[in-house]
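Asker: Pasting in a structure now, in structure tokens, and then I'll have a few things to ask.
The values are calculated or read from the model by the stated rules, or taken from the named source; none is laboratory data. Because the structure is predicted, anything quoted here is derived from the model rather than measured. Here the Cβ positions follow ideal geometry from the backbone for every residue, glycine too, while neighbour counts run over all protein chains shown.
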Amino acid sequence: MANPKENTTKRNEKKDVNGNVVVNEFKEELLSVDRVTRVTAWWRQLRFRAVMLVWNGKWKIWLWTWKSWEVVTAIAKAVNAAKKNMVEVPINDGSVPYNLTVKYKSAIVKLHQASKWTWIIAWWATRKVLDVAWYSDVLAKRFWSTNLINNARATLKALTSFKK
């Protein structure tokens, strides 16, 4: 990746019904959509949980989850909630500023600096978070948890805890 600020419009372009190019201010990435069932005394209530990552192109990112009876509504509400709670993440030449280990609930994530052209070597949730935040050269390792949401939040906690 050359300069992340140059390519923000290409990553955020979408086409409307007429074929016109519409540039979205935010980049939205869907991490997962899950069916969630709550059993009550009389029936089972089926809902959908959407986990969304939102990035504004100016080094601010956040992850949010939302449940709803419909998938589209869950995604829209998660995006709106994430836009309100965005935090800034530092980037140092495509990599993290320094090595860091962070714990969030049962998930432990270690982020390490990497040399140029190493790319992102990480587990799926951590890779998505780092990719959306425009990091290009990072080594990451997760411990103790395979939970998608906890690992993504641990990665976000690590990215936001770097000192500027």
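Asker: In this structure, is Thr146 assigned to a loop (DSSP other than H, G, I, E, B) and either among the aliphatic types (A, V, I, L, M) or without any contact (Cβ under 8 Å) to a residue 40 or more places away in the chain (or both)?
Answerer: In short, yes.
Asker: Confirm whether Leu130 is of a type in the set (A, V, I, L, M) and either assigned to a loop (DSSP other than H, G, I, E, B) or within 16 Å of the chain's Cα centre (by Cα) (or both).
Answerer: yes
To keep it simple, each residue is scored yes or no on (1) in a strand (DSSP E or B); (2) touching a residue at least 24 places away in the same chain (Cβ under 8 Å); (3) surrounded by fewer than 17 Cβ atoms within 10 Å (Cβ to Cβ).
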site	(1), (2), (3)
Arg35	yes, no, yes
Ile61	yes, yes, no
Val79	no, yes, no
Ala82	no, yes, no
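Asker: Would you check if there is a residue in region 113-124 being assigned by TED's automatic domain parsing to the domain that holds Leu30, surrounded by 15 or more Cβ atoms within 10 Å (Cβ to Cβ) and part of a loop (DSSP other than H, G, I, E, B)?
Answerer: Checked against the condition, which is being assigned by TED's automatic domain parsing to the domain that holds Leu30, surrounded by 15 or more Cβ atoms within 10 Å (Cβ to Cβ) and part of a loop (DSSP other than H, G, I, E, B), region 113-124 yields no hits at all.
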